[in-house]
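Everything on this sheet refers to the single structure shown next.
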């Protein structure tokens, strides 16, 4: 699968894995892929920066959402309801953070879908390789937690898509 990835695309996946481990997530989610794109110096990363979704903003939004979900449980709110919401928003297994272990169980279903979407974007656009822009488009297609992060930052996913597609056409 990674044979068609450019250096930038590989770096995004490495960043996503590192961020997932650092925050104690059980698996790499679409929000981590978004963070990986935001951390890079690709055209896709620059689009995110220009629109206000730079690395620190994305990372803080992810941390805040996870922290708020844990706090609700300590306040006597129905933990099953909170757990279901966290799983919906951050992917399967997100509730069971592995704070003592940095072992990841791979990618969440949403992140796998995003990577599959990314792989299909390249050929449709006449590219033989997969780049950062394709990953970002795949993340936008997958929706879920990454889209929620963008909305929290008042960044319009449709505007990101428009700008990334313009960058790809110009390349």
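Some observations on this one:
- Ordering 115, 125 from the fewest to the most neighbouring beta carbons within 10 Å gives 125, 115.
- Residues residue 112 and residue 60, FRET efficiency given R0 of 30 Å [Cβ-Cβ distance, rounded to 0.05]: 0.70
- Across segment 19-67, counting alpha-carbon atoms alone, Rg and Dmax equal 10.6, 31 Å.
- Long-range Cα-Cα pairs in segment 119-171 (distance over 13 Å), rounded percent: 58
- Counting neighbouring beta carbons within 10 Å and listing from fewest to most, the residues 15, 133 come out as 15, 133.
We did not get these values from a lab; they are worked out from the coordinates using the rules stated. On a predicted model such as this, the values are computed, not experimentally measured, just so you know. Here the Cβ is made from the backbone with ideal geometry for all residues, glycine too, and neighbour counts use every protein chain on show.
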